[in-house]
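Structure, as structure tokens:
The values are calculated or read from the model by the stated rules, or taken from the named source; none is laboratory data. In this text the structure is predicted, and so the values were computed from the model without any measurement. Heads up, the Cβs are rebuilt from the backbone with ideal geometry, glycines too, and the neighbour counts pull from every protein chain shown.
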Amino acid sequence: MVLARRSVVRLGLHVVTACALVPILTVEAKGPDACTDSASESLRNSLHYRNSVADPKQACSHCEFYVQEDNKQCGQCMIMGGPVDPTGHCDSWVVKAHPKERSGDDRGS
Ligand code: SF4
């Protein structure tokens, strides 16, 4: 009888552990839809935002309006005002300016 009680307790611990891990694993396993923002959905639609682009050189990560946050899957877009996928693209894509061009210091180039 003691053995059966231990088995039930052990099974209960497994169930509790599994229930605690499901939300964590679900967040970690988020796919390409992780970089969405319902507040800017109409703007994303009007600018034809998509999570990927055929030419990687025209991805959000190479856009002037893209800001990468440390250790985050998504970056921030100054136009969208929310998270975007680094491999994404929209109609407002502009090539990221060279740091010298941004500061106005183009001496020696
Ligand atoms: S403006 Fe468009 S292409 Fe540029 S970062 Fe934002 S969503 Fe990406």
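When you check Ala54 against the structure, is it within 26 Å of Ala97 (Cα to Cα), modelled with pLDDT of 90 or more and within 13 Å of the ligand (Cβ to nearest atom), yes or no?
no
Go through region 77-109 and report how many residues are modelled with pLDDT under 80 and surrounded by 11 or more Cβ atoms within 10 Å (Cβ to Cβ).
Of the residues in that region, 2 qualify.
Which of the residues spanning region 63-77 are within 12 Å of the ligand (Cβ to nearest atom) and within 15 Å of the chain's Cα centre (by Cα)? If you could, list the steps in order and put the result at the bottom.
Narrowing region 63-77 to residues within 12 Å of the ligand (Cβ to nearest atom): 63-68, 74-77.
Residues satisfying the conditions are Tyr66, Val67, Gln68, Cys74, Gly75, Gln76, Cys77.
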